[in-house]
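Student: The structure that follows is given in the form of C-alpha cells.
The values are calculated or read from the model by the stated rules, or taken from the named source; none is laboratory data. Note that the structure is predicted; figures quoted are calculated from it, not measured. All Cβ positions, glycine included, derive from the backbone under ideal geometry; neighbour counts span all protein chains shown.
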C-alpha cells in the first residue's frame, strides 16, 4: 500500500523528500529506501526507547528463568534497578545490581551494556 502511494507521486516530489521519520521496522525502511532514494531515514526517540526497554525486559526474564532452572532464589523487582541511572541508585540498589551482574554476566558483557546504555541515554538527550 505504501509502495503504491509513493509510485503515484511524481518523481520530482519523491526526490524532494529529505528525511522520513519511521519506527524501527525493516519493512518500512526497505520501502522508503526503494521509493525515496534521496531521503535520510530518521528513527524517533520513542521507538529507540521502546526497543531498549524490550531488551531490558528480555535480560530480566533471562535472569529470572536462569534462577528458576538452577533452583536458586528467584529474583524479582529488577526491571527498574536495571533501567535506573547508576548515579540515582541507593547503596542497597548498587549492592543488589553488582550481585546480579557478578552472578549472571561476564565483566566484558557488563562493560558493553554500560557503554550501550550511556550511548543511548546521550542519544535520547539530543532530542
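Student: Being at positive phi and not in a strand (DSSP E or B), is that true of even one residue in the range 59-73? Step through it out loud before you land on a result.
Tutor: Initially, the range 59-73 is screened for residues at positive phi, giving 71.
Pick out the ones that are also not in a strand (DSSP E or B) and you get 71.
Yes, the range 59-73 has at least one match.
Student: Continuing with the same structure: Would you check if there is a residue in the range 22-31 being at pLDDT 85 or above, at negative phi and part of a strand (DSSP E or B)?
Tutor: So far as the range 22-31 goes, yes, one or more of its residues are at pLDDT 85 or above, at negative phi and part of a strand (DSSP E or B).
Student: What's the total number of residues in the range 69-97 that are loosely packed, with under 12 Cβ neighbours inside 10 Å and more than 21 Å from the chain's Cα centre (by Cα)? Let's see the steps before the verdict.
Tutor: Narrowing the range 69-97 to residues loosely packed, with under 12 Cβ neighbours inside 10 Å: 69-74, 76-77, 80, 85-88, 90-92, 95.
This time we only want the ones that are more than 21 Å from the chain's Cα centre (by Cα), so: 69-74, 76, 90-92, 95.
Going through the range 69-97 one residue at a time, the tally reaches 11.
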